[in-house]
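What follows is a single structure, written as structure tokens, with notes after it.
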């Protein structure tokens, strides 16, 4: 037992830790699940846990059903350049199946003996894909909006190309399971008409003000000569699509079976969706597809009865209306390509390579080998026999600044999870802390948030796994392999498939797929400096009677 004891030098903190205080680093920690009934105990720090950490290269990963999607180009000085494009299936908005354009259905128009046709005519079509942004009100009462999902050279113009998708993105595979599309899918040859192209497109981070227009499309001005603003939208990609295309494919098909419901519409030939690329971009955009749509504005001829039943004084007037197609309720596929990521990250365990998307993750095994083949690691078996109560336990990962060079966009957070069951650790579950200003940085006690040094340079990530180890040591829970990945949002814990996965590792957290960034951490081998080496720190209490 003595080889597991390294008595703390924290003075009075020893007693405070037994009473439930936070260990020597002033952080919150949990106390073991047993009450010590006498004073014959020792509190100690153990840093000699055997930890093996090694890399796993991720090939193509699931690219649909994600919480966030990317468009553009991301340059990483370690992992190279990633190019991303979007393929989006269009849908009828809920409640608009079998739509009526204007006031009457096509059947009613056909049955009308007055020969008055509504003559629905498309005036403009807008593609809307918002950036992620937040707003606040300043001291002057003005609304300030900040876009927080743009990276790279956002001042550089690029060629934004929006094309008609001609490929059916089916919802289910041959076995009836949800269809999975992977990040190496290439839809560049499954396109039809070009609906928008601008070789000089520039990202605009300002709110979009939509002026009010009259029936002829002219802008309406107030008494001071200023445009009347009908609507203010958050910063976004907002471009005008080919109106003749949507006149022919959507509006002119009023009453068609192809618009009768979403199943028929998605499988039909009217309009399957969009394929969007950002050639020559020097920036990366993370897009809020959940609120993306296509807005079709049109006018139609409306009969004004003058409020009576006498048709002799009826007049026909133009009326404005709109119809919306959803871009978020069916399949969206993010094609990702990083041709310059050629490092053999599995060659050794000296460094840990974490990269989102088609990147790399780390597998961690605690407590060393099981030499007697009884199903329990030897070191863990000895700890269990000694009856440790875990007060605090942390894995501390230091950024290897010799490889992760200045200028790299380090992920703000990394995520540790139970790799056997693809679920969060118990410490994640019990941590109810929230961050109202940055919700993705909630669960701060569990940790994994990037810490900076005195020069504001990336230093380390610290992850608490106290509850997990108490379950392993005190409750004989399985000492499972742990997976370590970058994450875009700690609240997102669902998983995506790996195309080349095996029965043991078919999945990776979806929040890692959507995070475009990477980092390099020191491993647990002697190749790393002692003070930067990956260690499992365990603060524990043990009764002297053991």
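Give region 473-497 a look and list any residue that's touching a helix residue (DSSP H, G or I) at 6+ places or on another chain (Cβ under 7 Å) and crowded, with 16+ Cβ neighbours inside 10 Å, or say none.
Correct list: 473, 479, 485, 486, 487, 488, 489, 490, 492, 495, 496.
Residues to consider are 286, 325, 354; find the one that is part of a strand (DSSP E or B), within 18 Å of residue 85 (Cβ to Cβ) and touching a residue at least 12 places away in the same chain (Cβ under 8 Å). Walk me through how you get there before you give the answer.
Values: 325 fails: within 18 Å of residue 85 (Cβ to Cβ); 354 fails: within 18 Å of residue 85 (Cβ to Cβ).
None of the others qualify; the one that does is 286.
When you go through (1) outside any loop (DSSP other than H, G, I, E, B); (2) at pLDDT 90 or above one by one for residue 99, which number turns out not to apply?
Of the numbered conditions (1) outside any loop (DSSP other than H, G, I, E, B); (2) at pLDDT 90 or above, the odd one out for residue 99 is (1).
Go through region 109-144 and give me each residue that's part of a strand (DSSP E or B) and either over 21 Å from the mean Cα position of the chain (by Cα) or not assigned by TED's automatic domain parsing to the domain that holds residue 323 (or both). Let's see the steps before the verdict.
Going through region 109-144, the residues part of a strand (DSSP E or B) turn out to be 121-131, 133-137, 143-144.
Within region 109-144, 121, 122, 123, 124, 125, 126, 127, 136, 137, 143, 144 meet the criteria.
This table checks each residue for (1) under 24 Å from residue 282 (Cβ atoms); (2) free of Cβ contacts under 8 Å to residues at least 24 places away in the same chain; (3) surrounded by 14 or more Cβ atoms within 10 Å (Cβ to Cβ).
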residue: 106; (1), (2), (3): no, no, yes
residue: 133; (1), (2), (3): yes, no, yes
residue: 140; (1), (2), (3): no, yes, no
residue: 155; (1), (2), (3): yes, no, no
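Take residue 244 and tell me if it is at pLDDT below 95 and either within 30 Å of the chain's Cα centre (by Cα) or surrounded by fewer than 16 Cβ atoms within 10 Å (Cβ to Cβ) (or both). Show your work before the answer.
On the way: at pLDDT below 95: no; either within 30 Å of the chain's Cα centre (by Cα) or surrounded by fewer than 16 Cβ atoms within 10 Å (Cβ to Cβ) (or both): yes.
Spelling it out, it is not the case that residue 244 is at pLDDT below 95 and either within 30 Å of the chain's Cα centre (by Cα) or surrounded by fewer than 16 Cβ atoms within 10 Å (Cβ to Cβ) (or both).
Determine which member of the set 237, 215 is touching a strand residue (DSSP E or B) at 6+ places or on another chain (Cβ under 9 Å) and modelled with pLDDT under 95.
On the way: 237 fails: modelled with pLDDT under 95.
Criteria check complete, one pass: 215.
Could you please find all residues in region 424-459 being under 17 Å from the mean Cα position of the chain (by Cα) and within 16 Å of residue 480 (Cα to Cα)?
Listed by number, the list holds a single entry, 424.
Quickly run through region 138-164 and pick out the residues that are out of contact with any strand residue (DSSP E or B) (no Cβ under 6 Å at 6 or more places or on another chain) and more than 19 Å from residue 290 (Cβ to Cβ).
Matches in region 138-164: 139, 140, 141, 142, 155, 156.
Go through region 247-260 residue by residue and tally those that are in contact with a strand residue (DSSP E or B) (Cβ under 8 Å, 6 or more places away or on another chain) and modelled with pLDDT under 95.
Taking region 247-260 as the starting set, the residues that turn out to be in contact with a strand residue (DSSP E or B) (Cβ under 8 Å, 6 or more places away or on another chain) are 247, 250-251, 259.
Now restrict to residues that are modelled with pLDDT under 95: none.
So the answer is 0.
Pick out the one residue from 195, 169 that is assigned to a loop (DSSP other than H, G, I, E, B), surrounded by 15 or more Cβ atoms within 10 Å (Cβ to Cβ), modelled with pLDDT of 95 or more and touching a strand residue (DSSP E or B) at 6+ places or on another chain (Cβ under 8 Å).
Values: 195 fails: assigned to a loop (DSSP other than H, G, I, E, B).
Going through 195, 169 in turn, the sole match is 169.
To keep it simple, each residue is scored yes or no on (1) more than 14 Å from residue 474 (Cα to Cα); (2) more than 25 Å from the chain's Cα centre (by Cα).
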{"site": "357", "(1), (2)": "yes, no"}
{"site": "363", "(1), (2)": "yes, no"}
{"site": "370", "(1), (2)": "yes, yes"}
{"site": "373", "(1), (2)": "yes, yes"}
{"site": "377", "(1), (2)": "yes, yes"}
{"site": "384", "(1), (2)": "no, yes"}
{"site": "388", "(1), (2)": "no, yes"}
{"site": "398", "(1), (2)": "yes, no"}
{"site": "401", "(1), (2)": "yes, yes"}
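Tell me which of these residue 307 doesn't satisfy, since it passes every other one: (1) under 25 Å from residue 239 (Cα atoms); (2) over 39 Å from the mean Cα position of the chain (by Cα); (3) part of a loop (DSSP other than H, G, I, E, B).
It is condition (1) that residue 307 fails.
Using the structure shown, decide if residue 327 is surrounded by 14 or more Cβ atoms within 10 Å (Cβ to Cβ) and in the same structural domain as residue 130 (by TED's automatic domain parsing).
yes
Please determine, by comparing only the residues of region 222-251 that are without any contact (Cβ under 8 Å) to a residue 40 or more places away in the chain and part of a helix (DSSP H, G or I), which one is farthest from residue 88 (Cα to Cα).
First, the residues of region 222-251 that are without any contact (Cβ under 8 Å) to a residue 40 or more places away in the chain: 222-232, 248-249.
Filter once more, so that each one left must be part of a helix (DSSP H, G or I): 248-249.
Values: 248: 20, 249: 17 Å.
Restricting to residues being without any contact (Cβ under 8 Å) to a residue 40 or more places away in the chain and part of a helix (DSSP H, G or I), the top hit is 248.
The values are calculated or read from the model by the stated rules, or taken from the named source; none is laboratory data. Here the structure is a predicted model, which is why all the values come from computation and not from measurement. So basically every Cβ, Gly included, is an ideal-geometry build from the backbone, and we count neighbours across all protein chains shown.
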